[in-house]
Every structure is written in C-alpha cells, then in structure tokens.
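Enquirer: Starting off with a structure, shown below.
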Amino acid sequence: MMKDVVISIHSRNDLDGEEDTIDFVTDGLYTYDGEVACLTYLESEVTGMEGTRTSVMVLPDKVVVDRDGAVMSRMVFQEGIKNSFLYDTPYGAATMHMDTRGIRSRFDSDGGKMEIDYVLDLEHAMVSRNRFQVTVREQKQIGAERVP
C-alpha cells in the first residue's frame, strides 16, 4: 500500500575541494514490502531538475534511482561496483560513470533512512565526490489536514 510521506534529502558534492550542499524537503509516496523500499517524488527548482519525477528503489544489494521528465536517467548504486548511466537533459546527453563507495539503509513500513557515498566521473576524469542522505517519514493526519 502506498503511503503519503515527507522526504528529506541532504546532498553534499565536493568538486576540486569546493563543497556544495543542497537540502530539499518534499511530499512523496512510499511503499515497503518487508524487503524492498520504494519512494517517488517530484524534483523542484531547488535541485535544478524541475519537471522531473524521481523514483528510488532500495533493494538489499543495491539502490536504483530512475528519473523521468526534464532530466532522464537510471542510476544503479552497488557498493564496490562502477556503473555507467546516460544523463539526458534538455541541453544534451552524456554517459557518466559512478563508483559507489558505500550504502547504508534502514527502512520499515513507516519509512527510514539511506546514505550513499559515490564518486562521479566523465570520460575517466573525476567530476565530484558525492554523499547524500534520504530520510522518509510518514505524514500524519490531523482532522482533514496532513501534517509532516
């Protein structure tokens, strides 16, 4: 059963010693079947991907992030494995590579938390070191209003 949730994302990107952070909170949908957690949300101008729907599937051995809309990509995070993905934007497409350094996740029927640490490169040149945390918590109902 899909649940209404609040999704908080904290992202840190290190590019040539300069760190950039993004904090993003949005409403989304979430389901958990006892083994696999799935969440879906809409990106905004804060993330630079407005008009894009992001779906995240957290499996025991990997995390799959699908984006559809203004930005299209499918990223597969597997600890210790380098994966490639096509990053397609209105400005053009590029094949990116990522080396997942670590994944930690803990989800249950009420939500949970995930952290991923990875290095992104383009044509064998490091672009950035990235770390992001995603926290999912169920929205609570009070009367007819939803409260995060």
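The values are calculated or read from the model by the stated rules, or taken from the named source; none is laboratory data. Bear in mind that the values here come from a model prediction, so they are computed numbers and not experimental data. Positions of Cβ are backbone-derived with ideal geometry, glycine not excepted, and every protein chain shown enters the neighbour counts.
Enquirer: Out of region 20-36, which residues are without any contact (Cβ under 8 Å) to a residue 24 or more places away in the chain, surrounded by 15 or more Cβ atoms within 10 Å (Cβ to Cβ) and hydroxyl-bearing (S, T, Y)?
Expert: Selection gives T26 alone.
Enquirer: When the residues of region 54-63 are narrowed to those that are farther than 21 Å from V127 by Cβ and either modelled with pLDDT of 95 or more or of a type in the set (D, E) (or both), which ends up surrounded by the fewest Cβ atoms within 10 Å (Cβ to Cβ)? Outline the logic, then answer.
Expert: Here is the first cut: in region 54-63, the residues farther than 21 Å from V127 by Cβ are 55-62.
Imposing the further condition that a residue be either modelled with pLDDT of 95 or more or of a type in the set (D, E) (or both) reduces the set to 55-59, 61-62.
On the way: S55: 16, V56: 23, M57: 15, V58: 24, L59: 14, D61: 8, K62: 15.
My answer is D61.
Enquirer: Still on this structure, I have one more. Looking only at region 1-40, count how many residues are farther than 19 Å from R106 by Cβ and out of contact with any Phe, Trp or Tyr (no Cβ under 6 Å at 6 or more places or on another chain).
Expert: Count: 20.
Enquirer: Take the residues in region 80-95 that are assigned to a strand (DSSP E or B) and among the hydroxyl-bearing types (S, T, Y); name whichever of them is nearest to E35 (Cα to Cα). So that I can check it myself, show each step before the final result.
Expert: Step one: list which residues in region 80-95 are assigned to a strand (DSSP E or B), which gives 82-89, 92-95.
Okay, now just the ones that are also among the hydroxyl-bearing types (S, T, Y), so 84, 87, 89, 95.
On the way: S84: 25, Y87: 29, T89: 33, T95: 31 Å.
Going through the qualifying residues, I end up with S84.
Enquirer: Among the residues of region 96-116, are any among the β-branched types (V, I, T), more than 26 Å from G17 (Cβ to Cβ) and not in a loop (DSSP other than H, G, I, E, B)? Full working, then the answer.
Expert: Step one: of region 96-116, the residues among the β-branched types (V, I, T) are 100, 103, 116.
Those still in the list that are more than 26 Å from G17 (Cβ to Cβ) too: none.
No; the residues of region 96-116 include none that is among the β-branched types (V, I, T), more than 26 Å from G17 (Cβ to Cβ) and not in a loop (DSSP other than H, G, I, E, B).
Quick grid of which residues meet (1) surrounded by fewer than 16 Cβ atoms within 10 Å (Cβ to Cβ); (2) under 21 Å from A125 (Cβ atoms):
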| site | (1), (2) |
| --- | --- |
| E18 | yes, yes |
| T52 | no, no |
| S84 | yes, yes |
| Y91 | yes, yes |
| A94 | yes, yes |
| D108 | yes, no |
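Enquirer: Consider only pairs whose beta carbons are under 9 Å apart and that are at least six residues apart or on different chains; among these, list those whose first residue lies in region 37-51 and is without any contact (Cβ under 8 Å) to a residue 12 or more places away in the chain and whose second residue is assigned to a strand (DSSP E or B).
Expert: Matching pairs, first to second residue: G48/I22.
Enquirer: Could you tell me which residue of region 90-148 is modelled with the highest pLDDT, considering only residues that are out of contact with any Phe, Trp or Tyr (no Cβ under 8 Å at 6 or more places or on another chain), more than 17 Å from V58 (Cβ to Cβ) and of a type in the set (D, E)?
Expert: Across region 90-148, the extreme among qualifying residues is D121.
Enquirer: Within the set of pairs 6 or more residues apart or between chains, which connect a residue that is without any contact (Cβ under 8 Å) to a residue 60 or more places away in the chain inside region 74-87 to a residue that is among the aromatic types (F, W, Y) and surrounded by 14 or more Cβ atoms within 10 Å (Cβ to Cβ) with Cβ atoms less than 8 Å apart?
Expert: As it stands, the answer is R74/F85; M75/F85; V76/F85; F77/Y118; N83/F77, since those pairs meet every condition given.
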